[in-house]
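> Here it is, the structure, as structure tokens.
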Amino acid sequence: MKAKALFIDEAQIDIVAGNGGDGSASFRREKFEPLGGPDGGDGGNGGNVVLVASRNVGTLLELRSRITIKAKHGVPGMGRGMYGKTGEDVKIFLPVGTAVYDANENAEEAIADLVEDGQRFIAARGGRGGRGNIHFKSATNQAPTTAESGRVGQSRSLRLSLKLLADVGLVGLPNAGKSTLLTQISAARPKVAAYPFTTLIPCLGVASIGERNFVVADIPGLILGASDGAGLGDQFLRHVERTRVLVHVIDVGQLALEDRDPLVDYETIRKELGSYDSEILKRHEIIALSKVDLLAEADEVLAPIEKFFHNKGRAVFRISSATKQGIRELIAGMARALDETEALENEKEAAP
């Protein structure tokens, strides 16, 4: 099977747990104890490799270069019944939302899904320490010379894939105004520029209205054919999987200057989302008509577009990140959509 390419939000690492320490084959050598028995202690267990989800980590960039991470070995046992020290675990902190796959098996099903802050997963277990000869004394073998060797720790290759956990996902064609919008509704500061694919890394921000806070993600890289590898390809489409509400950001600022149909832009994005996962098309949708400040006759131009979406039951907002027009109303619309989504989810859970 062809290996999958690794993108900005993926990484592959090799991990090696610590070996267990050897048990000791020791005998008491004390004054006035010429026939001292076995006193060899056990070796310590090897350290584990533990993956930990942390909201303080935002990307997998530091792990992108394929590296090997090793835990400490257990310390061998010693005489006088002294046990070896357990090897220290090594912790790898990952962004919340990281899915973990066995790279050697090219598995599609994750072996761990780290979706909560502080969630832990022991990815490789340390080897058990060997038993010392103190355990092998018997009535027929008063001076055993046998001691166990420590066991080898687990080793494996892992593929890490980050799927952002966000309540709301901003989707749209390149330069539709998603990143600029994110800067207006949150403290996030993604790169903003007037050329396609400015945003190469999905960016999260926290929007607030009243006492309600929710996470918004700017999903880059969507163009016609993205699900088949065009443009930035489909590496960022997976970030939409965990969003609960989609905001389609549609650039209407150039309608008076270009032969462009915003409804085609909308259908283009929906086609790519549906090609990736048809379940995404069932999410609650909001329409944000962006850059309306560039329109001289906004009402005349936008009325038929708004009618189209209203007939589909979509909430529509006219926004301008430059003038802040409609931004507060859009945030309130996001909050309402989340409330409705949560209510439906609760109904489904309560249903017999």
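The values are calculated or read from the model by the stated rules, or taken from the named source; none is laboratory data. Keep in mind that this is a model prediction, so the values were computed, not measured. Counting neighbours? That spans all protein chains shown, and the Cβs are built from the backbone with ideal geometry, glycine included.
> Please identify the pairs in which a residue from segment 313-335 that is not assigned by TED's automatic domain parsing to the domain that holds LEU302 has its Cβ atom under 8 Å from the Cβ atom of a residue that is of a type in the set (Phe, Trp, Tyr) and at pLDDT below 95, counting only partners at least 6 apart or on another chain.
Taking only residues 6 or more apart or on different chains, not a single pair turns up.
> Kindly indicate which of ILE92, ILE122 is under 23 Å from HIS239 (Cβ atoms), under 34 Å from the mean Cα position of the chain (by Cα) and modelled with pLDDT of 90 or more.
ILE92
> Of all the residues that make up segment 104-152, how many are in a loop (DSSP other than H, G, I, E, B) and touching a Pro at 6+ places or on another chain (Cβ under 7 Å)?
Number of matching residues: 4.
> Can you tell me which residue within segment 107-158, out of those that are in contact with a helix residue (DSSP H, G or I) (Cβ under 8 Å, 6 or more places away or on another chain) and surrounded by 13 or more Cβ atoms within 10 Å (Cβ to Cβ), is nearest to VAL57 (Cα to Cα)?
Across segment 107-158, the extreme among qualifying residues is LEU158.
> Could you say whether any residue in segment 144-167 is touching a residue at least 12 places away in the same chain (Cβ under 8 Å), of a type outside the set (Lys, Arg) and on the phi > 0 side of the Ramachandran plot?
First, pick out the residues of segment 144-167 that are touching a residue at least 12 places away in the same chain (Cβ under 8 Å): 144-167.
Those still in the list that are of a type outside the set (Lys, Arg) too: 144-150, 152-155, 157-158, 160-162, 164-167.
Subsequent filtering for residues that are on the phi > 0 side of the Ramachandran plot retains none.
No - not one qualifying residue is present in segment 144-167.
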